[in-house]
1. When you scan region 140-158, do you find a residue that is more than 19 Å from ALA3 (Cα to Cα) and crowded, with 24+ Cβ neighbours inside 10 Å, even just one?
2. Quick check on region 70-77. Is at least one of its residues open to solvent by 50 Å² or more (accessible area, probe 1.4 Å) and either part of a helix (DSSP H, G or I) or at pLDDT below 90 (or both)?
3. Among the residues of region 82-101, are any open to solvent by less than 30 Å² (accessible area, probe 1.4 Å), over 18 Å from ALA38 (Cβ atoms) and in a loop (DSSP other than H, G, I, E, B)?
4. What are the residue pairs meeting all of these: first residue in region 4-25, first residue farther than 27 Å from VAL153 by Cα, second residue outside any helix (DSSP H, G or I) and open to solvent by less than 60 Å² (accessible area, probe 1.4 Å), Cβ atoms under 8 Å, and 6 or more apart or on different chains?
5. Pull up region 120-131, narrow it to residues that are outside any strand (DSSP E or B) and touching a helix residue (DSSP H, G or I) at 6+ places or on another chain (Cβ under 8 Å), then point me to the one that is most open to solvent (accessible area, probe 1.4 Å).
6. Is at least one residue of region 111-119 farther than 14 Å from ALA38 by Cβ, more than 8 Å from the chain's Cα centre (by Cα) and not in a loop (DSSP other than H, G, I, E, B)?
7. Can you find a residue in region 31-39 that is in a helix (DSSP H, G or I) and of a type in the set (S, T, N, Q)?
8. What are the pairs, 6+ residues apart or on separate chains, where a residue within region 51-73 that is among the polar types (S, T, N, Q) has its Cβ under 6 Å from a residue that is assigned to a loop (DSSP other than H, G, I, E, B) and modelled with pLDDT of 65 or more?
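The values are calculated or read from the model by the stated rules, or taken from the named source; none is laboratory data. Everything numeric in this text was worked out from a predicted model, so none of it was measured. Here the Cβ positions follow ideal geometry from the backbone for every residue, glycine too, while neighbour counts run over all protein chains shown. Note: areas computed on protein heavy atoms with side chains; ligands, DNA, RNA excluded. Shrake-Rupley method; radii C 1.70, N 1.55, O 1.52, S 1.80 Å.
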Amino acid sequence: AFARAYQERAAGKALPDDTVAALAASITGATLDRRARAIALSDWVRKNVRYVGVYLGPGGVVPHAASSVLANRYGDCKDHATLLEALLASSGIDSTVALVNNGDAYRLPDVPTLGVLNHAIVYIPSLQLYLDPTAESVAGGFLPASLLGKPAVLARSGEFAMIPFFQQARS
C-alpha cells in the first residue's frame, strides 16, 4: 500500500520529454552496453543535479517532473531518482524507484512510515543494479555503505527487495 501510494503520485513524473531524451542520447552516445549506459546516466545526474530538499506543498512526498528537475538542476532524492528513471527510459532501460532507509534501520516495521522509508534510489531489474543518483562520494555503479544490506520497497510493484550486503569490484 505504501509503494502504491508513492507510485500513484509519482507515476507520470518520470516520463521523458524531448529534452530528457536528447540528453540521454548525448550522455550514452554509441555505448551499447546497458550497464555502462545506466551508470553513465546515473553519474550525470550525480554530478550535474544539486541535492536540495524542497518541501513546499506535496514536495516532501511527491517528486517533481523529470523535465522540471532537469531545467532547475536541483532536487531531493525523489527528484534525482525520477530524472534518472526518465533518462533510463529514454535509453531503453526499465527501472523503478526503490524506497529505502538512509539511516540506521536494517528492517522494516510492520507499518511502513516516511521516517523509515526516507530515501529514494533506482533499481534496474534486468541488471540487478541499484543506483543512488544523489551519492556524490562513491564511484558510479556503487552504493554508499550506509545503504548496503537494507530492505527496500520497489515502488512500481510494491515488492520487497534486499539491497546486497556486498558490491562486486570491477574486473
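1. Checked against the condition, which is being more than 19 Å from ALA3 (Cα to Cα) and crowded, with 24+ Cβ neighbours inside 10 Å, region 140-158 yields no hits at all.
2. yes
3. Yes: one or more hits.
4. These pairs meet every condition: ALA25/SER91.
5. Taking the candidates together, the pick is SER126.
6. Yes - at least one qualifying residue is present in region 111-119.
7. No, region 31-39 contains no residue that is in a helix (DSSP H, G or I) and of a type in the set (S, T, N, Q).
8. Matching pairs, first to second residue: SER67/ASP17.
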